[in-house]
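Trainee: A single structure is presented below for examination.
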Amino acid sequence: MRTQSRPMPFTEEQMKQVFDTNIIDFAVQNGFEIEKGDANTVHVKHSGGLYLFKHGRGYKCFSEQASSGQKRNIITFVQEYMGAKDFKSAVEMILGCRAYEQTEHYVPPTEKKPRGDLVLPPKAKNYNRTIAYLAQARGIDKEIVYAMINQGKVYQAVTEKSGYTFQNCAFVGFDENNRPRYCALRAPSDNSSFRQDVENSDKTYGFCMEGRSNRVYEFEAPIDAMSHATLCKLNGIDWQEDHRVAEGCLSDKALYRYLERHPEIDEIVFCYDNDVDGQLPDGTPHNHGQVRAEISAEIFADLGYTTFIQTPNTKDFNKDLTTFLELLATEMNYSQTENEMEEIR
């Protein structure tokens, strides 16, 4: 039976404001006293084992009331230590406003000029470089690559800059009328760091791989979504069964819109990067992808969805795929060598 989802009572800008709130500043403003902790935290006086991370993004508590060492965010802080009864109440306390109301605490974004129409870059005569890059360098199954090409979601784009002509991989997102609304470009080579969204791209229409089930997987990049599909196929799973959405960044914008178009979905799996070497500007270790996954999972769980986090074993799902293929090739070579040695014997 499908869990009934509820409309979001807060805007995306308000939720960004919540998770950008420094937990130390917020705690001090609400009467908590802090003292020196360790290299990465400050200690809340008279709290037992409550420590706030110096980067301001969360806390951990070693008291009996909380799971030992578990990292949490500002929402759970307000619920556990300030008496908020649920997610909505906690957000209201942080924003200083009531849900569905506009107050002086919330500043709407500066008015932007209307976005123009998206004009896709011209297509190359053939897509050989794009196909070779995705299938060979990135290890994505050719059936999946060609399926995305046939749907117009992947092609080889021709762009010009400063008198030079470049050919890049293009990943396209469409609206409900099958009109292109988003296009991300990246160089078909790991020796180039070129990545760019085409002018007038709307990230709320991300790169999507339509499925048939009630489950959607969310990724940062199209290549990760296609790699995940390939890993499923390699493990005997129908890669076309579930939905996949790629944001092109650390966001849920495309996911929100995709869920509006697919009310049958009630299960979300967040597949953000595993940034084990990530850092905040001050050098504090910070796993950007997994922190975002935890935040998103909480938000959508409160909206009535069943949520999971699937963390890649390496940095991302494409690296998982290429690592798996390398191991597979090594095992096959070893097996072939063993067979040859056996024949010699």
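Trainee: Is it the case, given these coordinates, that T314 is of a type in the set (S, T, Y), open to solvent by 20 Å² or more (accessible area, probe 1.4 Å) and assigned to a strand (DSSP E or B)?
Mentor: no
Trainee: Against the condition closer than 26 Å to V119 by Cα, touching a helix residue (DSSP H, G or I) at 6+ places or on another chain (Cβ under 7 Å) and not in a loop (DSSP other than H, G, I, E, B), how does Q167 come out, does it pass?
Mentor: Details: closer than 26 Å to V119 by Cα: yes; touching a helix residue (DSSP H, G or I) at 6+ places or on another chain (Cβ under 7 Å): yes; not in a loop (DSSP other than H, G, I, E, B): yes.
Here the answer is yes, as Q167 does meet what is asked.
Trainee: Kindly indicate whether E298 is open to solvent by 50 Å² or more (accessible area, probe 1.4 Å) and either assigned to a helix (DSSP H, G or I) or in contact (Cβ under 8 Å) with a residue 40 or more places away in the chain (or both).
Mentor: Judged against the criteria, E298 is a match.
Trainee: Please tell me if G278 is closer than 26 Å to K315 by Cβ and surrounded by fewer than 18 Cβ atoms within 10 Å (Cβ to Cβ).
Mentor: Values: closer than 26 Å to K315 by Cβ: yes; surrounded by fewer than 18 Cβ atoms within 10 Å (Cβ to Cβ): yes.
Judged against the criteria, G278 is a match.
Trainee: Next question, about the same structure. Given R98, R57, which one is at pLDDT below 80, open to solvent by 60 Å² or more (accessible area, probe 1.4 Å) and not in a helix (DSSP H, G or I)?
Mentor: Only one candidate passes the filter, namely R98.
Trainee: So, one more: Quickly run through the stretch 237-255 and pick out the residues that are open to solvent by 30 Å² or more (accessible area, probe 1.4 Å) and at pLDDT below 95.
Mentor: Step one: of the stretch 237-255, the residues open to solvent by 30 Å² or more (accessible area, probe 1.4 Å) are 237-238, 240-241, 248-250, 253.
Selection gives G248, C249, L250, K253.
Trainee: I'm checking my understanding of the structure. Among residues of the stretch 153-177 that are of a type in the set (G, A, S) and more than 23 Å from the chain's Cα centre (by Cα), which one is most open to solvent (accessible area, probe 1.4 Å)?
Mentor: S162
The values are calculated or read from the model by the stated rules, or taken from the named source; none is laboratory data. Because the structure is predicted, anything quoted here is derived from the model rather than measured. Using ideal geometry, Cβ is built from the backbone for each residue, glycine included, and neighbour counts are taken over all protein chains shown. Side chains are part of the model used for accessible areas, which takes the heavy atoms of the whole protein and leaves out ligands, DNA and RNA. Shrake-Rupley method; radii C 1.70, N 1.55, O 1.52, S 1.80 Å.
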